[in-house]
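All remarks here apply to the structure that follows.
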Amino acid sequence: MRFAQLDLWRRSIRFRLMAWNTGVVLVMALVALLAVREGLRLTLLSELDERLREDALEVRLAFEEFYPNLGLVKEELDRKAIGHAHQAMFIQILDQHGQIVAASINTPAQGLPRADGGSIVPLNWGDYRLVQQHFTKSGLPDFSVRVGSSLEPIWTDIGKLTRLILLVGLALLPLAAVGGFVLTDRALQPIKKIIHTARRLRPAQLDERLALRHTGDELDQLSLTINQLLDRIGDYLVRHREFIANAAHELRSPLAAIQSTVEVGLNSDRSVDEYKELLYETVEQCRTLSLLVNQLLLLAESDVARTLASRESVQLDQVVERCVEMFRAAAEERGIELSAACTPGIVVAGNALRLRQVVNNLIDNGLKFSAAGGRVAVQLTRDPSGQRALLQVADSGCGIAPAELPHIFERFYQVNRARDRDAQMRGNGLGLSICQAIVEAHGGTIEVTSAVDQGTTFVVSLPAEPISTSPRGATPSLAPAHA
Ligand code: ADP
């Protein structure tokens, strides 16, 4: 348990940010140390070089003054070397061949770098820094002055500084860890709140929303995105619940009708014809029930998608013409003029059965909501680009009020007027939502325009296969187009 908690803590953002913060401070301290150390080294060396050059100039003056008395020159060199004994300074004078003419005390016994007697760039030699300058003066032989000084004081200074910076760096480490902890804790507060609220959310109660701090930072954006997602899920659940409630309501009516018909049959003895009549009624109710159940199943989106899993090339003009033919008798019986005008050879990829369902539904509605003497015109064309099939079903019926229009594709939605119609004509408000689901599953759109008491026009747009001289897998239309 303790190990699991430790592991959880090790994986937490807080721990990782803390570790990163500490690591970054450590690296920064090291880089600062190296930079300051190098800077100090260069500065101290250049100061030392400057001093050694000045000493070389002073020695030059002494040499020019005392030459050729080398004894006096030596004395002067010793005096200077003793004066700078704390730096272990030594001085040499060389002739133009690099031979030592005079040397001060403290000169290292051996191994000084060879030189040809000219000037050399200041250099480190063992524990010494060396400067050598060449001088000429008329009446005197050319000579060079070499001044050396111990590097020890510089290394001591650099060592002190290094230890100081390391100490400060080490002292900063725990501070960095604590600072990282505090900062991360503050930064993670909003996330903790998000987790806390998200834990309380339940599918049955999605009303709660994450509090926004209106800082506009990423965490605020995350909260906003989660809230929007919750809104969408909430809407979906509400629609889902409504759908189930409506479905149950619609199923109840035919079930109640079946129950009462059967009870009537059971209540008293009847003639065979009466029983037959009751049985016919029951079968009729069962048919309604079965239709409703099939529609509900189809509306379960997976069902529409499943029927479209394998698409075939559907000769849409033939489908439309057959549907129109199917309704012709009904239209005549009701005194409504039904016409069709189809451009031949329009092929769409999809499911013929489902597409027929769409056409049937639209024609059925057109006839249902038109009075005798009205007309329903069906038209199938390609759009100007030739890429889409346009199916238009226009009627001269009762029309739909603008306020109702946005809702007619909702499941179980029925305009009041439709509810008032006689039972035979009444639908269940699922037809258009099924049409929309099928059309959208085919990658198409369905739109409606309507004017009360003037009529309604539905336009279905579907992606069509390109115009081809020999349509693949589709037989040319044999049926004549109805004008
Ligand atoms: P229903 O099975 O009740 O017809 P639909 O989903 O097909 O259900 O239609 C929903 C509602 O849209 C209908 O109740 C009706 O009020 C309205 N509607 C559909 N088509 C037409 C139309 N052609 N003319 C007038 N109203 C229509």
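Values as computed for the structure displayed
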| item | result |
| --- | --- |
| Filter result (of a type in the set (A, V, I, L, M) and more than 7 Å from the ligand (Cβ to nearest atom)) within the stretch 429-459 | ILE434, ALA437, ILE438, VAL439, ALA441, ILE446, VAL448, ALA451, VAL452, VAL459 |
| Yes/no for ARG417 being modelled with pLDDT under 90 and either of a type outside the set (Phe, Trp, Tyr) or within 7 Å of the ligand (Cβ to nearest atom) (or both) | yes |
| Condition met for GLY98 (farther than 17 Å from ARG146 by Cα and either small (Gly, Ala, Ser) or assigned to a helix (DSSP H, G or I) (or both)) | no |
| Candidates ASP220, ASP231, ASP235, filtered to the one that is within 18 Å of LEU299 (Cα to Cα), modelled with pLDDT of 85 or more and within 24 Å of the chain's Cα centre (by Cα) | ASP235 |
| Positions within the stretch 305-356 being under 13 Å from HIS442 (Cα atoms) and polar (S, T, N, Q), in sequence order | THR307, SER310, SER313, ASN351 |
| Residues that are within 13 Å of the ligand (Cβ to nearest atom) and charged (D, E, K, R), drawn from the stretch 322-370 | ASP364, LYS368 |
| Any hit, the stretch 282-296, residues being surrounded by 15 or more Cβ atoms within 10 Å (Cβ to Cβ) and touching a His at 6+ places or on another chain (Cβ under 7 Å) | no |
| Scope the stretch 188-219; condition in contact (Cβ under 8 Å) with a residue 24 or more places away in the chain and either assigned to a helix (DSSP H, G or I) or surrounded by fewer than 12 Cβ atoms within 10 Å (Cβ to Cβ) (or both); matching residues | LEU188, PRO190, ILE191, ILE194, ALA198, PRO203, ASP207, LEU219 |
| Verdict on LEU112 being over 60 Å from the mean Cα position of the chain (by Cα) and assigned to a loop (DSSP other than H, G, I, E, B) | yes |
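The values are calculated or read from the model by the stated rules, or taken from the named source; none is laboratory data. Computed from a prediction, not measured in an experiment: that's the story for all the values here. FYI the Cβ positions are ideal-geometry reconstructions off the backbone, even for glycines, and counts take in every protein chain you see.
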